[in-house]
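One structure follows; several queries about it will come next.
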Amino acid sequence: MIHKKILITLLFISAILFLVGFAILQPSYVGICDEYDCFRDVVFSFGKPLFWGSMPFILTFFMLIFASQETYNAWKKFAPVGIIITILVFVYTEPLCSGFICFDRAEGVFWSGILFFLVSLGIIVWNKLFSKN
């Protein structure tokens with residue numbers, strides 16, 4: 001049962017990051033400022049990566065709330081690696097890219113989050129299919 005509390009906490013943190021990203025992306029919708037450009041520099045550095053990067057994590061944590069303890073134990077061996085990779089992508093990619101091949105911070109965090117989601121989904125399905133129960 002403690003794994004559900006941990007997952008609900010992680011889900012809550014991801015939802016907060018999603019809302020912070022949305023507030024940075026759309027400050028006029030939340031009443032922070034009247035114009036779109038008031039956070040222009042912060043939008044590409046933090047807003048887009050937080051908004052797009054937190055979505056796969058929200059889905060992952062929500063799915064895992066309904067998974068068994070055995071599945072959670074298998075997943076938690078992978079989770080730190082996936083989260084660290086996403087953080088490293090966030091830290092070491094450029095906020096905006098220029099050039100022919102473009103891979104900016106928001107795309108990097110989003111795709112590393114999608115990879116985290118797909119691997120987590122694979123772990124869940126694998127444990128469901130090949131569980132000893």
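The values are calculated or read from the model by the stated rules, or taken from the named source; none is laboratory data. Because the structure is predicted, anything quoted here is derived from the model rather than measured. We place every Cβ from the backbone using ideal geometry, glycine too, and count neighbours over all the protein chains shown.
Please indicate, with yes or no, whether at least one residue in region 78-89 is at pLDDT below 90, farther than 30 Å from N127 by Cα and touching a Gly at 6+ places or on another chain (Cβ under 7 Å).
No, there is no match, as no residue in region 78-89 is at pLDDT below 90, farther than 30 Å from N127 by Cα and touching a Gly at 6+ places or on another chain (Cβ under 7 Å).
Pairs, please: C-beta under 6 Å, at least 6 apart or cross-chain, first residue touching a residue at least 60 places away in the same chain (Cβ under 8 Å) and in region 106-133, second among the aliphatic types (A, V, I, L, M)?
What qualifies is V109/V89; F117/L59; I124/A67; N127/A74.
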